[in-house]
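The values are calculated or read from the model by the stated rules, or taken from the named source; none is laboratory data. These figures come from a predicted structure and were not determined experimentally. Every residue, glycine as well, gets a Cβ built from its backbone with ideal geometry; the counts of neighbours run over all protein chains shown.
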Amino acid sequence: MIIPYLVFLHLSGSVSGMLLRRMRIPAGALIGSLLAAMVFNSMYPVIPAYPKDLRLGIQILSGMVIGTRFTQADIKTLKTMVLPVLILVVMLLSINMGFAYLMSSFTTLSFMTSFFACAPGGVSDLALVAADFGATMEHVALLQLFRLISVIIIFPPLIRKMIAPSERVLPSKDMQASEVKAKPNKQHYLSYLISVATAFGGGVFFVMLGIPAGAILGSIFAIALLNLATDGAAYPASLKPMVQIFAGCYIGSKVTIQTLLEGRVLLLPALILLVELFIMAFLTAFVLYKVCHLNWGTAIFSATPGGITEMGLISDELGLETPKIVLMHTFRILAVLGVLPLIAQYLG
C-alpha cells in the first residue's frame, strides 16, 4: 500500500510544483508540491507513514545543493558571524518564552505545550522532546507543522518584494560550475557520482553520531569540504527543483483529515503563533541589520524560523548569502534542541 501512495503523492506534487515554478513564484516547486500533497492526503483513505530512509535521502540531497555554495571567501566571512549567532539565539528564545506565556494565558493549552509549540525548532524533534515534559505531543506537532507551512507559503513572496536587487549575490564562476546546466559529459557524471557519494557519506555519518538534523548538516559539511578542497562538487541543474518537490511532498504528507479536524481546537493558538512568527522574524532581523550590519535579505532569512532545508533552498533560489543563512539556522536548531529542554526542566 505504501508504494502506490508514494507514487501518486510525488506525482501530484511534481505536477503542481513544476506548474508554480513555471509561473515564477518564489520557491514555487516547494510550495506547489506542498499544497498538492496536502490536498492529496485529505482525499486518501489511509495515510501510511512516510519512509524514514526516503526523508533522510531528501535531506542529504538538499545538503548537497546547499553545500556547493561554500567557497574560500565564505569561510573567511563566517568568522564574523559569532555576534549575529549569539543575538539570534538569545532573541528567538526570549520571544519564545514571552509568547508561550501569552498562549497559555489566553488558550486552553498548558504552559509546557505552549512553550514547545512556540519554539523555533523542528516539527518531529520538538514533539518527541515535549512529551518528556508533560506537554501534549499531538498539539505541539500540529502547531509546529503549521509554523513550517506558514513560513514556506507566506514568507518567500513577502521577503522577495522587500529585498533590493543589490542584495542578491551573483553566482561566482565556481558556483556556476557546480550547477551543471549544459549537456553532461563523462567528466560531469564522474563529478555527480563523487558529490553524491560524499554527501551521503557525510549525512549518514552525522546521523549515526546522533547529531540533530544530522542528515542535512553532515551532507552540507562533507560537500563544503569537497568543494573547498577540489572545486569539484557538482550537481545537474534539474536536481534543485526535484529536491524542492520531494521536500514539499514530505511536509505535506504530515497533513491528514485528523490534522484538519484538530485545527478547530488549535485555531486561536495558531493565530498567536502566526503573530509570533512575524515578530520573531522582523524584530530579530531588524536588530541583526542594525547591530551586526548584515544586509536585510540575509538578516530576515536568518531570523525566519523555517527548516534548514527549506530556508537554505529558498535563499539559494533567491540569490542570497546562503552559507551565512545556513550557519545561522544550524545554530538556531542546535540551540533549540540543546537549550530548550534545559529551560523546560528548570521551569517544570
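Observations on the structure shown:
- The number of residues in segment 32-50 that are within 15 Å of Met242 (Cβ to Cβ) and modelled with pLDDT under 85 comes to 1.
- Only a single item in (1) surrounded by fewer than 24 Cβ atoms within 10 Å (Cβ to Cβ); (2) part of a loop (DSSP other than H, G, I, E, B) is not met by Leu327, and it is number (2).
- Here Lys324 passes the criteria (1) free of Cβ contacts under 8 Å to residues at least 40 places away in the same chain; (2) closer than 13 Å to Leu88 by Cβ; (3) basic (Lys, Arg) except the one numbered (1).
- Here Asn96 meets the list (1) at pLDDT 90 or above; (2) over 23 Å from Ser315 (Cα atoms); (3) more than 21 Å from the chain's Cα centre (by Cα); (4) in a helix (DSSP H, G or I) almost entirely, failing just condition (3).
- Candidate set: segment 240-291, residues that are charged (D, E, K, R) and not in a helix (DSSP H, G or I); chosen: the one surrounded by the fewest Cβ atoms within 10 Å (Cβ to Cβ): Arg264
- Some residue of segment 70-87 being touching a strand residue (DSSP E or B) at 6+ places or on another chain (Cβ under 9 Å), assigned to a helix (DSSP H, G or I), in contact (Cβ under 8 Å) with a residue 24 or more places away in the chain and within 21 Å of Asn227 (Cβ to Cβ): no
- Within segment 191-209, no residue that is outside any helix (DSSP H, G or I) and crowded, with 21+ Cβ neighbours inside 10 Å sits with its Cβ atom under 9 Å from a residue that is at pLDDT 90 or above and not β-branched (Val, Ile, Thr) at 6+ positions apart or across chains.
- Filter result (loosely packed, with under 13 Cβ neighbours inside 10 Å and assigned to a helix (DSSP H, G or I)) within segment 12-38: Arg22
- Which listed residue, of Thr284, Thr330, is touching a residue at least 12 places away in the same chain (Cβ under 8 Å) and over 20 Å from Met162 (Cα atoms): Thr330
- Filter pass, Phe301 being surrounded by fewer than 22 Cβ atoms within 10 Å (Cβ to Cβ), among the aromatic types (Phe, Trp, Tyr) and farther than 23 Å from Arg55 by Cβ: no
- Single condition Gln176 does not satisfy, out of (1) modelled with pLDDT of 65 or more; (2) polar (S, T, N, Q); (3) under 23 Å from Ala29 (Cβ atoms): (1)
- Residues that are crowded, with 18+ Cβ neighbours inside 10 Å and either of a type outside the set (A, V, I, L, M) or within 24 Å of Cys292 (Cα to Cα) (or both) within segment 94-109 comprise Ile95, Asn96, Phe99, Ser104, Thr107, listed in sequence order.
- Which listed residue, of Ile325, Ile300, Ile308, is under 16 Å from Gly67 (Cβ atoms) and modelled with pLDDT of 85 or more: Ile325
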